[in-house]
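For reference, the structure discussed in these notes is given below.
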Amino acid sequence: WAPKADVILGWAASDVLARATKCRWLQAPFAGAERILAAKWGNPQMVFTNGRGIFGPNISEHVLGFMLGFNRGLHLARDQQNQKIWDPNLPIPFQELTGATVGILGFGDLGSQVAKRLQGFDCRVLGFRQHPRGDEPFAEAVYGIERFRTFVGEFDYLVCTLPETPKTIGFLNKDLLRQLPRHALVVNVGRGSLIPGEDLILALQEGWIAGAALDVTDPEPLPVDSPLWTMPNVIITPHNSGLTAFHKERALEIFLANFKHFVTDGEPKINVVSRELGY
């Protein structure tokens with residue numbers, strides 16, 4: 001069916017894309033674009049739109065779960081529960097989100113949804129993105145990523161939601177990790193390639209940061225012999241922050257809105273992915 005399709009809705013495999021010579025529009029139901037952009041397209045003029053906007057609510061709730069769980073030692077309490085241990089003294093200090101400064105590296109849909117939910121904790125939010133768009137309602141300010149180094153020493157929490165592009169791979173390296181405050185928690189729900197795995201392990205072992213909460217890792221899946229598995233100041237989930245009961249509903253909403261543009265204007269208008277930018 002691929003050679004006959006004018007429109008594809010779904011996560012098309014690379015062999016399908018190569019045979020889709022007539023396809024004018026691919027609507028993917030996920031936000032990540034790197035695999036499709038790296039594939040050979042049967043029609044190089046095909047318009048690719050993604051699922052940006054589907055995952056903001058659930059991933060932002062996952063982020064807050066990480067932050068609150070780490071602050072209250074819930075992951076360690078669960079470990080003690082499994083061992084039937086009653087001991088209120090946990091090996092991390094209890095923290096609060098109240099009044100904290102949160103840096104959000106990648107202030108698109110995911111980052112702004114995180115910032116929205118942090119308003120209830122009176123947090124100061126600073127956002128960073130490739131192309132700032134001016135005033136954002138849920139952040140004190142949003143800067144270009146080139147300004148990130150200027151503010152890195154101010155963060156109590158650093159939330160990373162960046163997609164994978166040539167510019168983001170390895171961006172949060174040991175030089176930047178060393179500049180974070182020693183009490184900072186790093187949360188990554190974007191792509192594991194943002195933080196070199198060995199650099200993150202070193203930062204945790206040397207105490208440059210207080211901890212890490214990871215839904216994505218470098219490499220991924222995380223090898224069984226990685227020190228990250230057993231560190232008490234690390235919380236790991238298996239790249240499942242994007243799971244939501246509302247996935248199909250939200251994906252269809254985007255597709256149907258785009259289909260109206262496709263019929264009336266000849267091409268979709270929502271969530272168009274740039275091959276040059278990588279998102």
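Our Cα-only numbers for the chain put the radius of gyration and Dmax at 20.2, 65 Å.
Sorting the segments 91-97, 74-80 by their residues' average number of neighbouring beta-carbon atoms within 10 angstrom, most packed first, yields 74-80, 91-97.
Determine the distance separating the Cα centre of region 80-112 from the Cα centre of region 182-246; give it in Å without decimals. After rounding, the separation between the Cα centres reads 13 Å.
For region 18-68, what does the alpha-carbon gyration tensor say about shape, rounded, prolate or oblate, given a ≥ b ≥ c as the root eigenvalues, a/c under 1.5 as rounded, and a/b over b/c as prolate?
Here region 18-68 falls in the prolate category.
Give, as a single signed number, the net charge of other residues whose beta carbon lies under 10 Å from the beta carbon of residue 193, with Lys and Arg counted +1 and Asp and Glu -1. So the environment of residue 193 carries a net charge of -3.
Remark: spin-label model distance residue 90-residue 151 equals 2.8 nm, labels positioned 7 Å along the Cα→Cβ axis.
I'd like the distance between the alpha-carbon centres of region 25-51 and region 249-267, rounded to an integer number of Å. Each part reduced to its Cα centre gives a spacing of 15 Å. When the solvent-accessible area of region 103-202 is split by element, carbon and sulfur atoms take up 48 percent of it, the probe being 1.4 Å. Protein heavy-atom accessible surface, 1.4 Å probe, per residue over the chain: 50 Å². Report note on the peptides 57-65, 247-255, 155-163: ranked by the mean count of other C-beta atoms within 10 Å, highest first, their order is 155-163, 57-65, 247-255.
Remark: the residue 240-residue 133 segment gains 35.6 nm on full extension, using 0.36 nm per residue and subtracting the alpha carbon distance.
Computed FRET efficiency, Cβ-Cβ of residue 179 and residue 98, R0 25 Å: what is it to the nearest 0.05? Intermediate values should be presented prior to the final figure.
Numbers: r = 24 Å, r/R0 = 0.98.
About 0.55, to the nearest 0.05.
Of all lysines in the structure, those lying under 22 Å Cα to Cα from residue 269, and not within fewer than 8 positions of it along the same chain, are 22, 248, 260.
The values are calculated or read from the model by the stated rules, or taken from the named source; none is laboratory data. What you are looking at is a predicted structure, and each value in this text was computed from that prediction instead of being measured. Note that we place each Cβ from the backbone using ideal geometry, even for glycine, and neighbour counts take in every protein chain shown. Each accessible area value is taken on the protein alone, full model and side chains, heavy atoms only, with ligands, DNA and RNA left out. Shrake-Rupley method; radii C 1.70, N 1.55, O 1.52, S 1.80 Å.
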